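In what follows, a single structure is set out as structure tokens and then discussed.
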Ligand code: FES
């Protein structure tokens, strides 16, 4: 039986629905975070799950999962401690922080303590050079750390505490963080409202203010709204905009064809695809044949080539893309996702084990 529950499948469908129907493979990155939120890493089952719901093959999913360091390929601790050992942090003591933690925890890079609490890794630049040396715990920042401070953080974590990061949201486990990275809001009370920007971050703003070039009325301490607050504000803004809409003007009478009207012509809407419009803008005279080298044979008639619709061309390419590897289509295919879900359901039912996956409306056994 799949380790992924009907709730996971429902979330997978929600993620896929965020993307256009013929671009469902774009959902792969959040789906990998979703399966990581279940098992703590991207297991072979997780790869299979993503391939199944997206109509991809496992090699395609594996290629993406192994490219990004945020997807872990083996069981990971509750807390991923990443110490920046890149240039800026290194000259400020980052390597000493990493070495101290490695010796104290008895683990090396990408290894997990025996109690399953801490996975240690050295990281490349964590984009917080102005706070170096920095380390993150499940991607939340601890700034200007020294070896003793870093030891204090990991010991508190091992004792069951959740030390406050220097900036950003409050700590959660790696699985909880993976849920957020899959695009689901952290509903903990005040989870996104902790901490404000630090002075190094505001340095540019302060300089702009000094030189009179800051944005009028900008308040760097504007709190980050929770999802509920943001949804409420968006609904209120929408209602306000609807109320402010002027009543539709009556249709102007159309001039008769032969009245000799001097009203300007109305341009017909351009129904070309954005790709075609971009190509035409870049090469407005692409249809004009010009010899570019002595002896080059080029067509000399002035017939403009038929415009190529980029989307139609891509669809044709996908259709010509044969199944690969385990028989799943190599490219996106309309309906593949639904078909694979149904096939998996039927296969499990035929084995007498009951459906391992549920249909859109069914319940998992
Ligand atoms: S070098 Fe460490 S955050 Fe950039």
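Where a number appears in this text, it was derived from the coordinates with a stated rule and is not lab data. Everything numeric in this text was worked out from a predicted model, so none of it was measured. When we count neighbours, we look across all protein chains shown, and the Cβ atoms used for this are built from the backbone with ideal geometry, even at glycine.
Numbers at a glance
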quantity: Shape call, the stretch 1-137: gyration tensor on alpha carbons, a/c limit 1.5; calculated: prolate
quantity: Footprinting exposure proxy for 22, 140 (fewest neighbouring C-beta atoms within 10 Å first); calculated: 22, 140
quantity: Cα gyration tensor shape of the stretch 5-66, rounded if a/c is under 1.5, else prolate or oblate by comparing a/b with b/c; calculated: oblate
quantity: Packing rank of 119-131, 155-167, 39-51, where each peptide gets the mean count of other beta carbons within 10 Å, highest leading; calculated: 39-51, 119-131, 155-167
quantity: Likely footprinting exposure, 31, 80, fewest C-beta neighbours within 10 Å first; calculated: 80, 31
quantity: Net length gained if the chain between residue 232 and residue 69 were fully extended (0.36 nm per residue, minus Cα distance); calculated: 55.1 nm
quantity: Residues 184, 67, 4, sorted so that the one with the fewest Cβ neighbours within 10 Å comes first; calculated: 67, 184, 4
quantity: The stretch 120-162 versus the stretch 72-96: alpha-carbon centroid distance in Å; calculated: 8 Å
quantity: Efficiency of FRET between residue 207 and residue 158 - r from beta-carbon atoms, R0 56 angstrom, step 0.05; calculated: 0.85
quantity: Extension gain, residue 5 back to residue 91 (0.36 nm per residue minus Cα-Cα distance, nm); calculated: 26.3 nm
